[in-house]
1. Per residue, what accessible area does the stretch 1-149 have, given a 1.4 Å probe and all protein chains present, in Å²?
2. Would you compute, from DSSP H runs of 4+ residues alone, the mean residue ellipticity of the chain at 222 nm, taking -39500 (n - 2.57) per run and dividing by the full residue count, rounded to the nearest 500?
3. Rounding to the nearest 10 and keeping the result within 0 to 90°, find how far the Cα-based axis of helix 163-184 lies from the longest principal axis of the chain.
4. Considering only protein heavy atoms and a 1.4 Å probe, what is the carbon-and-sulfur percentage of the accessible area of the stretch 13-88?
5. Helix 2-20 sits at what angle to the longest principal axis of the chain, using alpha carbons and giving 0 to 90 degrees rounded to 10?
6. Calculate how steeply helix 83-103 sits against the longest principal axis of the alpha-carbon atoms of the chain, using the helix alpha-carbon long axis, and give the answer as 0 to 90 degrees to the nearest 10.
7. Which distance in nm do the two modelled labels at LEU53 and PHE20 give, with both placed 7 Å along the Cα-to-Cβ direction?
8. Can you tell me the dipole magnitude for the chain around its Cα centre, using point charges on the Cβ only (Lys, Arg +1; Asp, Glu -1), in Debye to the nearest 20?
Amino acid sequence: LLLIVLKNNIMRFSYVISFFSHPIWLPIYGAMIVLFNIPFFLPFEMVRFTWLLLLLVTIALPSLIYLILFVRGWLQHPFIVPAEKQKWLLCGYIVMLLVVAFSITTIDHYPILWVYLMNLAVSCLILLLLLFFKFTPNVFVMGMGALMVFTLLLSLSFEKDMTYLIAAFTFMSGASITAQYYLTAQPLRWLLLSWGIGALPQLSLMLLLKNLLFGFH
C-alpha cells in the first residue's frame, strides 16, 4: 500500500512539474523575465498589445491545436510524445517561435526577448536534427536549461538581483529532469544533454547582445 501511495505521489509530482515546464510556457516565461526586470522605453499601449499577441499566439493557439490533436487521437499523452510525432511538433514550434520573433517581439523593439526566442529556435532545431538521427532528446528539459541560463545572463549583464528566479529555475531544471526520467524512462545522459542543448545557445547568442546592452545602462 505504501508503495502504491508513493508511486501515485511521484506520478502527480511528475505531471505538475511537466505542466509548468511545458514548452508552451517558454516564450511567456522569457517575456515576463524581460518585461518585469529589464528597463526599456516603449509606450505602454505597445507593450500591452505585444503581451496580448504573445498570449494569443504562444498559449491560446497552441493549446487549441493540442486539444484538437487529442480529440482526433493523434496525441495520447500531454507529456509523453513518441519520437516520430515529436518531429512534427518541433517543426510547428520552431515556426511559432520565428513568427513571434519576427512579427511580435521584433529586434528593434525587444532585442533581448528576440535573441531569447531565436536561441530557443536554435535549440529546437538541434533537437529536431537529433531526432532525425534516431536520438531522443527532451524538449521539456531543454526549456528549463534555456530559461535558467537566460535569467543568469540577464542578472549578470544588468547587475540585477534575480536570485529567487535563478534558484527557482535551478530547482525546476532538476525537477524536470527527474519528472521526465520517471515519465519517459529516457536515459539520464540524454536528459542532461537536452538541458545543455537549451543552455548553450543562450550562452553563445547572448554574447551578440553585448553592444545592445550598453543602451540600457
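1. Details: 7900 Å² over 149 residues.
Accessible surface, normalised per residue, equals 53 Å².
2. On the way: 10 runs with 161 residues, N = 217.
Estimated from H runs of four or more residues: -24500 deg cm²/dmol.
3. 30
4. On the way: 3490 of 4460 Å².
Looking at the stretch 13-88 in its full context, I get 78 percent from C and S.
5. Helix 2-20 sits at roughly 30 degrees to that axis.
6. Its long axis makes an angle of about 10 degrees.
7. Using points 7 Å along Cα→Cβ, the separation is 3.0 nm.
8. 580
The values are calculated or read from the model by the stated rules, or taken from the named source; none is laboratory data. As the structure is a prediction and not an experimental result, all values here were calculated from the model. Cβ: placed from backbone, ideal geometry, glycine included. Neighbour counts: every protein chain shown. To get the accessible areas, we keep the full protein, side chains included, count just its heavy atoms, and leave off ligands, DNA and RNA. Shrake-Rupley method; radii C 1.70, N 1.55, O 1.52, S 1.80 Å.
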